[in-house]
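Working notes, beginning with the structure itself.
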Amino acid sequence: HVGSEAVVRAAREPGQGGGRGDRFAAVWELARTLLGTPVAESGPPPRLFGGFSFSDDHKAEGSWAEFPQAYFILPSVELIGGREGGVLTVRRLIKDSQDPAAVLPSLKAEVVSLGAELASVPCDEGERTHGEVRVRSETDQDEWTSMVETALCAIEGKELLKVVLARALSASPVRAIDPVELGLELWRQNPDSHVFLFEPSPGHVLVGAAPETIVTVEAGSFRATAVAGSVARGASGEEEEALASKLLTSEKARREHSLCVQDMAERLEALVDRMEAVSEPHLLRLASIQHLESDVTAELRPGETVLSALRALHPTPAVCGFPRDKALALLQKEEATRRGWYAGPVGWLDGDGNGVFVPALRSAVAVNGRWRLFAGAGIVSGSDPQKEWNETLIKFQPVLKALSGAGTHQAHLGQEGEREGEA
């Protein structure tokens with residue numbers, strides 16, 4: 001666990017600051033001030049790491065008590081690279097009155113010490129079994145069915161075309177698990193996902209493995225992936241190919257996916273030039289699920305940044321619904337679980353407006369070892385409550401399997417509980 005030299009908090013209370021999206025502009029304003037500080041010695045540019053809550057009216061309470069509407073840190077230690085080598089950076093903010101040359105010797109000594117410590121860490125690739133994980137659904141299946149039917153009535157009434165409903169599981173591992181260990185296990189088991197771990201204060205952790213990026217910006221070039229429509233992996237190669245073919249030809253899945261791509265393209269139009277949104281989706285295969293995926297690329301116009309693009313796009317139809325405002329209103333009224341940072345953007349940015357943000361999906365929040373997992377399903381015309389329930393079971397699997405390690409997973413039923421492997 002590494003401390004930070006500075007913390008950026010940027011939130012707007014409901015009804016203040018000029019409406020939705022202010023927190024993105026507030027973070028950028030503070031980030032420019034902080035990251036515009038001259039760097040005493042060359043090296044990787046400083047970056048802020050953190051994220052945003054799903055909704056603008058989020059309140060930091062309960063499991064999310066240490067997660068405000070926006071929270072970013074400037075790490076004092078950053079490692080970029082892998083087993084074949086990398087760059088280890090130690091940073092300190094200094095006062096204008098301090099001489100950078102006087103600080104450098106202590107920083108260099110710290111780099112040497114940390115490098116030696118990292119080199120001594122064993123590469124353990126053996127089987128990991130954490131043991132039993134007891135799970136309980138916070139939403140019972142009848143309540144879920146009622147939520148889905150309400151959404152379908154709104155869709156049939158032409159109020160909206162899609163809404164993404166989420167639910168939560170409480171998970172209790174038999175033994176305490178280090179969040180960093182869990183993050184590494186997620187990384188090992190989900191190499192094609194974007195794994196993240198954020199701990200704004202000791203014992204309060206958000207960890208997950210997102211299947212997609214909301215926005216990637218590098219030197220003015222924009223890229224994002226639209227992911228919507230899903231099916232399980234098969235027990236055999238033949239079954240997997242059959243499921244993939246069914247997904248690729250599913251009218252319902254392709255309609256859901258097309259909504260996501262179309263909405264992203266329309267919301268980006270005012271910010272970019274030369275945009276290309278691939279209309280024909282391809283297959284994205286992850287550890288326990290298959291998705292339809294399309295790439296969206298563009299060139300940002302001068303003055304636009306990763307946060308201005310994020311402000312335009314979040315929340316996408318993949319995590320909220322379409323039209324956005326009507327879907328948000330339905331979620332506010334009907335969803336049994338307050339999302340906190342679930343499905344909110346998490347990632348990093350630098351002082352030039354570059355950055356990468358992913359939605360906090362396939363994720364869990366922990367408070368002093370007590371875990372809550374989140375998963376959602378997109379509801380469109382033709383959705384079936386039982387099938388959407390089963391889809392959430394699949395989406396819970398990455399974190400559940402990581403909690404129990406790479407070995408045999410045992411999940412014990414609690415009241416209103418379920419086995420995560422039933423999907």
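The values are calculated or read from the model by the stated rules, or taken from the named source; none is laboratory data. Owing to the predicted nature of the structure, the values given are computational and were not obtained by experimental measurement. No Cβ is skipped: glycine too gets one built from the backbone with ideal geometry, and neighbour counts run over all protein chains shown. Note: accessible area is taken over every heavy atom of the protein model, side chains too, but ligands, DNA and RNA are not part of it. Shrake-Rupley method; radii C 1.70, N 1.55, O 1.52, S 1.80 Å.
Between Ser106, Ser294, Ser308, the GNM of the chain built on Cα springs shorter than 10 angstrom shows Ser106 fluctuating the most.
The apolar share of the surface of the chain, taken as the fraction of accessible area on carbon and sulfur atoms (1.4 Å probe, ligands and nucleic acids excluded), comes to 50 percent.
For percent of Cα pairs over 41 Å apart, the choices are (1) 18; (2) 26; (3) 15; which was calculated from the structure? It is the one labelled (3). Ordered from highest to lowest accessible area with the whole protein assembly present and a 1.4 Å probe, Phe49, Phe196 read as Phe49, Phe196. Computed with every protein chain present, the accessible area of Leu197 is close to 70 Å² [probe 1.4 Å]. Highest mean first, the peptides 175-183, 158-166 sorted by other C-beta atoms within 10 Å per residue fall in the order 158-166, 175-183. Just checking the listed ones, Val356, Val121, Val195: in the Gaussian network model of the chain with Cα springs under 10 Å, the one fluctuating most is Val121.
How large is the accessible surface per residue of the chain, computed with a 1.4 Å probe and reported in Å² as a whole number? Working shown, then result.
On the way: 19700 Å² over 423 residues.
It amounts to 47 Å² per residue over the chain.
Considering the chain as a Gaussian network with a 10 Å cut-off on Cα pairs, which listed residue, Gly157, Gly229, Gly351, attains the greatest mean-square fluctuation? Looking only at Gly157, Gly229, Gly351, the biggest GNM fluctuation is shown by Gly157.
Could you sort the peptides 284-290, 111-117 by per-residue average Cβ neighbour count (10 Å cutoff), highest mean leading? Kindly include the intermediate steps, with their values, before the conclusion.
Working: 284-290: 18.9, 111-117: 12.0.
Output ranking for 284-290, 111-117: 284-290, 111-117.
Provide the percentage of antiparallel DSSP beta bridges, counting only those with both residues in the chain; round to the nearest 5. Display every interim value, and only then the final one.
Numbers: 82 of 86 bridges.
Roughly 95 percent of the beta bridges in the chain run antiparallel, per DSSP.
Applying a length cut-off of 24 Å (Cα extent along the axis) and a mean Kyte-Doolittle floor of -1.0 to the DSSP H helices of the chain leaves 100-119, 385-404. Once both labels are positioned 7 Å from their Cα atoms along Cα-to-Cβ, the gap between Arg134 and Val87 label points is 4.8 nm. Counting heavy atoms of the protein chains alone, Cys153 has an accessible area of about 90 Å² for a 1.4 Å probe. Amide H to amide H distances under 5 Å link Arg134 with Ser172, Val174, His412, where only residues 5 or more positions off or on other chains count and H is placed in the peptide plane. Estimated purely from DSSP H runs of n ≥ 4, each contributing -39500 (n - 2.57), the mean residue ellipticity at 222 nm for the chain is -10000 deg cm²/dmol once divided by its residues. Going down the list Lys333/Lys401; Lys59/Lys395; Lys252/Lys333, which pairs span over 28 Å between their C-alpha atoms? Those over the limit are Lys333/Lys401.
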